[in-house]
Amino acid sequence: MTEYVIAVVGATGAVGKKMIEILENSSLPLKKVVFLASKRSVGKQISFQGQIYQVEELTPESFNGVDIALFSAGGAISERYAQEAVNRGAVVIDNTSAFRMHSDVPLVVPEVNEAALAAHRGIIANPNCSTIQMMVALDPIRQAYGLERIIVSTYQAVSGAGAEAIEEMTTQAQAMLNHEPVPTPEILPCGSDKRHYPLAFNVLAQIDEFSEAGYTLEEWKMMNETKKIMADNQIKVAATCVRVPVMTGHSESVFIQLKHADVSVKAIQELLTAAPGVTVQDDPSQQIYPQPLTSVDLPDVFVGRIRKDLDDAYGIHLWIVSDNLIKGAAWNSIQIAESLHRLDLVRVSDKLGGDN
């Protein structure tokens, strides 16, 4: 049986650590795992399958002999090193936005468009975390009843902005609770933007920088990625992306307009209950609905608050929650790797230790 050499790029980051945890129990047949990060992380220890490994410095030569490279170290790193990995015979699964909208790069959620993997040319993109969970929940509905329109408002956890953002929010909260001066924000809502605001006990209606038409880049990602994944440029999509003071777990309020009228709530519930990767938590009489706190470290997308729009016979409302570090990043990437293995789409390098 073929065994793979896997490289984890960004092994010491939040998503990289989750990838490593999931790899330990993956169905992928592993020959070796290489843990890569920046020079400052070299020598850090990582426990994997009962053994201790050293983090190695990321260089182009790191990918010699690698079959699958899992990237989660930021877009600049992906842009610099992904093609280097491909040139050396690896398939790259990239968790950044660097390649998502490239026409020759599949953008894949395995439950939705696994077949797109067959067209890969060495690089496969992992969608935005908020897009992933929405696609898993909505695609079964689209397949059954068609979709005309999606309107989504997100409630995104601070972990999606990285470890420094988590620390910034935590420090702010502690200062506020202790009635102490709050440190000047430096990261949120977007580190590269000109103004910063506290997130603790606050809500920020901005994720990433503002772009054309008054939408942020995060909102454009959701809208464009949805159309690409569903292979439907005619579907109408609007997004408002909001950062909330939650550690982990993105939530979404989603309105969809179907192509069929008078579809019952029960029909949607039954459809989603049978859908892969979805757990329905929807019993208003018992106050049962998805919560980010109870989604942490779980791979599924949780759906509840399913209800008919009272004025639109084609309209349905849903509440969608998932762990943004698991299904929104690490688990989706590993699922892609498992699909590549199952479909025999991994290009295994036949030149270990040499350039191709």
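The values are calculated or read from the model by the stated rules, or taken from the named source; none is laboratory data. All of these numbers come straight from a predicted model, not from anything done at the bench. Heads up, the Cβs are rebuilt from the backbone with ideal geometry, glycines too, and the neighbour counts pull from every protein chain shown. These area figures cover heavy atoms from the full protein model, side chains too; ligands, DNA and RNA do not enter into them. Shrake-Rupley method; radii C 1.70, N 1.55, O 1.52, S 1.80 Å.
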Once Lys and Arg get +1 and Asp and Glu get -1 on their Cβ, which of GLN45, ALA175, SER322 lies farthest toward the positive end of the dipole of the chain?
GLN45
Distance between the C-alpha centers of segment 1-68 and segment 110-137? Whole Å please.
22
How large is the charge dipole for the chain, taken about the Cα centre, if only the Cβ atoms of Lys, Arg (+1) and Asp, Glu (-1) carry charge, to the nearest 20 debye?
260
With all protein chains present, how much of the accessible area of the chain (probe radius 1.4 Å) comes from carbon and sulfur, to the nearest whole percent?
49
Compute the distance in nm between two label points, each set 7 Å from the Cα along the Cα-to-Cβ direction, one at LYS194 and one at GLU338.
4.7
Work out the FRET efficiency for SER264 and ALA173 from their Cβ-Cβ distance, taking R0 = 45 Å, and round it to the nearest 0.05.
0.55
Using mean Cβ contacts within 10 Å as the protection proxy, how do 24-35, 297-308, 312-323 order, highest first?
312-323, 297-308, 24-35
Taking +1 at the Cβ of each Lys and Arg and -1 at the Cβ of each Asp and Glu, which of ASN113, HIS102, LEU36 sits farthest along the dipole of segment 1-150 towards its positive end, judged by Cα position relative to the Cα centre?
LEU36
Please identify, among GLN156, GLN174, GLN281, the residue showing maximal mean-square fluctuation in a Gaussian network model of the chain using a 10 angstrom Cα cutoff.
GLN174
Relative to the first principal axis of the alpha-carbon coordinates of the chain, what is the inclination of helix 129-145, with its axis defined by its Cα atoms, in degrees from 0 to 90 and to the nearest 10?
60
Testing the spin-label approximation: label points 7 Å from Cα along Cα→Cβ at ARG149 and LYS31. State their distance in nm.
5.4
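Report, in deg cm²/dmol and to the nearest 500, the calculated mean residue ellipticity at 222 nm for the chain, where each DSSP H run with n ≥ 4 adds -39500 (n - 2.57) and the sum is divided by the residue count. Could the numbers behind the result be given before it?
Details: 8 runs with 93 residues, N = 356.
Roughly -8000 deg cm²/dmol at 222 nm, from the helical runs in the chain.
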